[in-house]
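Q: Starting off with a structure, shown below.
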Amino acid sequence: MKNDPVVAIAGVTGAVGAEFIATMDRRGFPVRKLKALASARSAGKTLSFRGESIAIEELTERSFEGVDIALFSAGGGTSRKFSPSAVRAGAVVIDNSSAFRMDPNVPLVIPEINGNRIREHKGIIAVPNCSAITALMPLWPIHRVNRIKRVIISTYQAASGGGAAAMQELVESTRASLNGQAFGPTVLPHPYAFNLFSHNTPIDPETGYNEEESKVIKETRKIFEDDRIAVGVTCVRVPVLRAHSEAITFECENPISENDVRAILSRAPGVRIVDDRVRNYFPMPIDASGQDDVLVGRIRRDLSDASGHSIAMFVSADQLLKGAALNAIQIAELLPQKVMA
Ligand SMILES: NC(=O)c1ccc[n+]([C@@H]2O[C@H](COP(=O)([O-])OP(=O)(O)OC[C@H]3O[C@@H](n4cnc5c(N)ncnc54)[C@H](OP(=O)(O)O)[C@@H]3O)[C@@H](O)[C@H]2O)c1
């Protein structure tokens, strides 16, 4: 790996793809050359990167010659199909899809939690599910000092989690609704304006859990390296344009107070406490949008647990950033240390 790598982005025209570019720029990530890749639909269009106009190319198995880092954000099927050719060409793949997350040979990395796992990669490093990252960023520093035995998470997931087309559908369906016009959803399965619905990933008929919920459960155990942690999740899509929110209640092995949690989280990297009871001001997706930090507030005792082992809180985070592009670029920033060693 060079200090100024050649970087390819597969899925550059998508919601996450746009944030890869913005995040690399904002953080001054060194790039010798950028290869902009998307589907045949986008081939020939151009985008601007650091004052240069770059032509978008169709992603193929030959796209990765000379590429050092390949950032994938074009769906699981695309990652499965094209990552092997990127690895064969010598690139390190940082994959935002769910394709490889549970593969025991693929590190599943949130740099603030398990960045040390990056050095074990065999060509592919996976970025966890965005709802998992949002929950685990504030839970991990607590878990380290007072093991979390059980956590219940309820999500309020924004349109941006469904990509650029879902965001557009929310805007268009809201406009139609306000104008009294009918709108038939095409991207999401249900009317989105002034509505909410159970997450649109397939449901396992046996367990009743949808795929998003199963990802959060499995990925929490892999990242925390704790198979015993009990995780309950309900994932819901809400008509918010950008940034996911989550209500989280957790039970620790030892007693824990809200002041303990505040003290721990005030020192946690990537976490910002927003917890103003006087002004009734707590994390909101509108404040989390465009921000790197996971916002945490409503930190309070869970009164349903008289033993004093449980805390409830509310979290908002920009899942296009910490839940996807930022987390991937943070991984890329740690790569040269491994590869150049
Ligand atoms: N949105 C999030 O918050 C989020 C968070 C974490 C992970 N992810 C993951 O990131 C990926 C992309 O999400 P997104 O929200 O950015 O979706 P999106 O806005 O729908 O963008 C999809 C991107 O993938 C490209 N693409 C689709 N099929 C392709 C193909 N066969 N070959 C090459 N490129 C193809 C599209 O190119 P065209 O424009 O040419 O069609 C576009 O650039 C998904 O795997 C998603 O699960 C998303």
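The values are calculated or read from the model by the stated rules, or taken from the named source; none is laboratory data. Only a predicted model underlies this, so the values are computations on that prediction, with no experimental measurement involved. Cβ sites come from the backbone with ideal geometry, for glycine too, and all protein chains shown count toward neighbours. Side chains are part of the model used for accessible areas, which takes the heavy atoms of the whole protein and leaves out ligands, DNA and RNA. Shrake-Rupley method; radii C 1.70, N 1.55, O 1.52, S 1.80 Å.
Q: Return the residue satisfying two criteria in turn: it lies in region 5-28 and is part of a helix (DSSP H, G or I) and open to solvent by 10 Å² or more (accessible area, probe 1.4 Å), and of such residues it is farthest from GLU57 (Cα to Cα).
A: ARG26
Q: Okay, next question. From the list GLU206, GLU219, GLU211, exactly one residue is charged (D, E, K, R) and closer than 24 Å to ASP292 by Cα. Which is it?
A: Values: GLU206 fails: closer than 24 Å to ASP292 by Cα; GLU211 fails: closer than 24 Å to ASP292 by Cα.
That would be GLU219, the only listed residue that is charged (D, E, K, R) and closer than 24 Å to ASP292 by Cα.
Q: Okay, moving on. Being open to solvent by less than 80 Å² (accessible area, probe 1.4 Å), in a loop (DSSP other than H, G, I, E, B) and within 16 Å of the ligand (Cβ to nearest atom), is that true of even one residue in region 131-151?
A: Checking region 131-151: not a single residue is open to solvent by less than 80 Å² (accessible area, probe 1.4 Å), in a loop (DSSP other than H, G, I, E, B) and within 16 Å of the ligand (Cβ to nearest atom).
Q: I need the full set of residues from region 315-340 which are in contact (Cβ under 8 Å) with a residue 12 or more places away in the chain and farther than 20 Å from PRO128 by Cα, in order please.
A: Within region 315-340, PRO336, LYS338, VAL339, MET340 meet the criteria.
Q: Considering only region 62-78, I want to know if a residue exists there that is crowded, with 23+ Cβ neighbours inside 10 Å, polar (S, T, N, Q) and part of a helix (DSSP H, G or I).
A: no
Q: Look at region 45-61 and say how many of its residues are more than 12 Å from the ligand (Cβ to nearest atom) and in a strand (DSSP E or B).
A: Number satisfying all stated conditions: 7.
Q: Out of region 157-199, which residues are buried (at least 19 other Cβ atoms within 10 Å of the Cβ) and either among the aromatic types (Phe, Trp, Tyr) or away from the ligand (no atom under 12 Å from the Cβ) (or both)?
A: Scanning region 157-199 gives LEU170, SER173, TYR192, HIS199.
Q: Is it the case that ILE94 is open to solvent by less than 30 Å² (accessible area, probe 1.4 Å) and more than 11 Å from the ligand (Cβ to nearest atom)?
A: Criteria met by ILE94.
Q: Write out, first by first residue and then by second, each pair whose Cβ atoms fall under 7 Å of each other, whose residues are 6+ apart or on separate chains, and whose first residue, in region 23-44, is among the charged types (D, E, K, R) while the second is open to solvent by 60 Å² or more (accessible area, probe 1.4 Å) and within 14 Å of the ligand (Cβ to nearest atom).
A: These pairs meet every condition: LYS35/GLU57.
Q: Scan region 100-118 and give yes if some residue there is within 13 Å of the ligand (Cβ to nearest atom), of a type in the set (Gly, Ala, Ser) and within 22 Å of the chain's Cα centre (by Cα), otherwise no.
A: No, because not a single residue in region 100-118 is within 13 Å of the ligand (Cβ to nearest atom), of a type in the set (Gly, Ala, Ser) and within 22 Å of the chain's Cα centre (by Cα).
Q: Quick one: which helices (runs of 4 or more DSSP H) sit completely within region 252-341 and have at least 1 residues that are open to solvent by less than 70 Å² (accessible area, probe 1.4 Å) and under 25 Å from GLY162 (Cα atoms)?
A: 285-288, 326-340
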